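No value in this document is a laboratory result; all are computed from the given coordinates. Just so we're clear, the structure is a prediction, and the values are computed from it rather than from any experiment. In this analysis, Cβ positions are derived from the backbone assuming ideal geometry, glycine residues included, and neighbour counts consider all displayed protein chains.
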Amino acid sequence: MSDRPARLGTRRSPMATSQSQAVADAITDRTGTRVELELITSYGDVTQAHLTQLGGTGVFVNSLREQLLSGGIDFAVHSLKDLPTAPADGLAIAAITDRDDPRDALCARDGRKFSDLPPGAVVGTGSPRRVAQLAALRPDLTYVPIRGNAGTRLGRIAEGEVDAVVLAYAGLARVGRLDDVTDVFEPEQMLPAPGQGALAVECLASRADGDLAYLAAVDHAATRAAVTAERTVLAELEAGCAAPVGAYAEVHDGRLRLRAAVVAPDGSEAVRRERSVGTGGDAAAAASSLGRELAREMIGEGADRIVADAAEE
């Protein structure tokens, strides 16, 4: 074992460093490998543009990938929902960790639940997926784009700029802000982003089966199968992570159940589908096939048109 600690690249935000440290600790616990964090600033962290203007895909991961390819770091940890679905030349996802709670959470003024918000209340979120599904549930509310880390977004409530914000439950847990949660959206209400709650460990493909093979110690097979199905839907729809696409898969009693939804930005139109498959044999292949079949059904019902129309807005 080298005397030099492994270099884990991470974005600088409190949420990113918290989740990266958790992965580093898990690697050390399971393999004995010492890991140190290398803090890297991504374009997505410094720009003030909204996610829809950025196009979503890759804005939070490209700087980390550049460091991987140049040898500046040994591996990187990403929020899987931020990772483009297309493979990156020369890189491999060596591990996908056991998924945390994938649901979305509401943090509202005066402890209100979503159903308790008065008509016209202002809800902040940077996610077109969330806006579309929320608008389908409550078209009487006002939805506005909002940027910044969790603390910054929560501060907008205290400042009176918004009445509530919607954030990933897992992210709030990682930064110790669950006390701010006033309501949680079940998948039946709002499907999460593909991969939400899961973390991906990425490294050079040439090292994944070599000196970094120990990263497989933090891979979680059931989570990998579930997020593979979800991300395949996104890929087949040719939609980026800023598209109004929700997908959630879970393994239960030997079957992989996948639900997906594509919703128009104003919530007025939606295509929702569900399928399941047994997980015996090659789980990864079964998950990919499931995602493709579900996406093709949705395309047959006009989901690709909704995605295209949303991208033009």
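Key figures for this structure:
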read-out	value
Under the span-like rule (Cα at least 24 Å along the axis, Kyte-Doolittle mean at least -1.0), DSSP H helices of the chain	14-31, 283-300
Estimated distance in nm for a label pair at ASN62 and ALA221, the labels positioned 7 Å out from Cα along Cα-to-Cβ	3.8 nm
Förster radius 25 Å - calculated FRET efficiency between LYS113 and ASP253 (Cβ-Cβ, nearest 0.05)	0.20
Part-to-part distance (alpha-carbon centres) for segment 8-44 and segment 234-293, which is given in Å	29 Å
Cα gyration tensor, segment 220-313 - rounded (a/c under 1.5), prolate or oblate	prolate
Order by protection proxy (mean Cβ within 10 Å, highest first), peptides 144-153, 256-265, 287-296	256-265, 287-296, 144-153
Burial ranking of peptide ranges 304-311, 272-279 (average Cβ count within 10 Å, highest at the top)	304-311, 272-279
The chain: relative contact order in percent, alpha carbon pairs under 8 Å with at least 6 residues between	21 percent
Segment 220-313 - percent relative contact order, Cα under 8 Å, separation 6 or more	32 percent
Matching label, percent of Cα pairs over 36 Å apart computed from the structure shown, candidates [x] 29; [y] 10; [z] 15	[z]
Mean-position separation - Cα centroids, segment 68-93 and segment 134-208, in angstrom	23 Å
222 nm mean residue ellipticity, helices alone, for the chain (DSSP H n ≥ 4; -39,500 (n - 2.57); rounded to 500)	-10000 deg cm²/dmol
Förster radius 30 Å - calculated FRET efficiency between GLU186 and SER206, Cβ distance, rounded to 0.05	0.10
